[in-house]
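Readers should treat all values here as calculations from the given coordinates under stated rules, not as data from a laboratory. Note that the structure is predicted; figures quoted are calculated from it, not measured. Glycine gets a Cβ as well: all are built from the backbone with ideal geometry, and neighbour counts include every protein chain shown.
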Amino acid sequence: MGPPADCLFCLIIAGRTPGHLVWQSEHAVALRDINPQAPTHLLVLPRQHHRDVAALAADDPDALVGLLRGIGEVAAAQEDLRNGYRVVFNTGAEAGQSVFHCHAHVLGGRAMTWPPG
Ligand code: 5GP
Ligand code: ZN
């Protein structure tokens, strides 16, 4: 089964010029979240459609490693994240996932609290 035709992140990956992306690799791309929850809030997503990180891990381990490497590379390039950052994979509706194309939230530029809400 292919990706849903109306997947927002598939459409962004297909349609955006590289200028809108803060980082990209063979496996993944990064862009700024449209509704940032911290001074720096990036989304890192696999180019291929998988509904969440568990599906990505099961279906394409190489792409998962590419995504995780991407998180480190993106964070290293952001001055705002030099003192640390939070990585979040909301997985499933009750966890707050609203776009069902796997993505990592990378948040920083302020002190993070624990436990998360
Ligand atoms: P989720 O709720 O699935 O964990 O995360 C989806 C994220 O995508 C949200 O933080 C939301 O602000 C972000 N988002 C939704 N639509 C767009 C968009 O069109 N562009 C960008 N850059 N981010 C978006
Ligand atoms: Zn998609």
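Descriptive notes on the structure:
- The GluC sites (Glu not before Pro) of region 8-117 that DSSP puts in a loop, and whose beta carbon has at most 15 other beta carbons within 10 Å, are GLU26.
- Taking all Cα pairs closer than 8 Å and separated by 6 or more residues, the relative contact order of the chain comes to 30 percent.
- Note, ³J(HN,Hα) from phi for region 16-25, Karplus 6.51, -1.76, 1.60, rounded to Hz, x at Gly and Pro: 6, 7, x, x, 7, 9, 7, 6, 7, 9
- Two-site FRET efficiency, ALA5 against ARG110, from Cβ-Cβ distance with R₀ of 41 Å, rounded to 0.05: 0.65
- The shape of region 25-117 can be summarised by an equivalent ellipsoid whose semi-axes, obtained from the alpha carbon gyration tensor, come to 21, 16, 11 Å from longest to shortest.
- 10 Å Cβ shell holding at most 14 others, DSSP loop, trypsin sites (Lys or Arg not before Pro): longest site-free stretch of the chain: 17-81
- Each residue of region 91-103 is assigned a 3J(HN,Hα), and the resulting list reads 10, x, 4, 5, 7, x, 5, 10, 10, 8, 10, 2, 7 Hz, derived from the Karplus form 6.51 cos²θ - 1.76 cosθ + 1.60 (θ = phi - 60°), x at Gly and Pro.
- Annotation for region 77-116 versus region 30-44: alpha-carbon center distance of 9 Å.
- The chain: calculated mean residue ellipticity at 222 nm from DSSP helix runs of at least 4, using -39500 (n - 2.57): -8000 deg cm²/dmol
- Fraction of the pair-distance distribution of region 1-78 above 16 Å, Cα-Cα pairs, percent: 51
- Here each label is just a point 7 Å from Cα along the line to Cβ, and for VAL99 and ASP80 those points are 1.6 nm apart.
- Where labels lie 7 Å past Cα in the beta-carbon direction, separation of ALA55 and ARG16 in nm: 1.9
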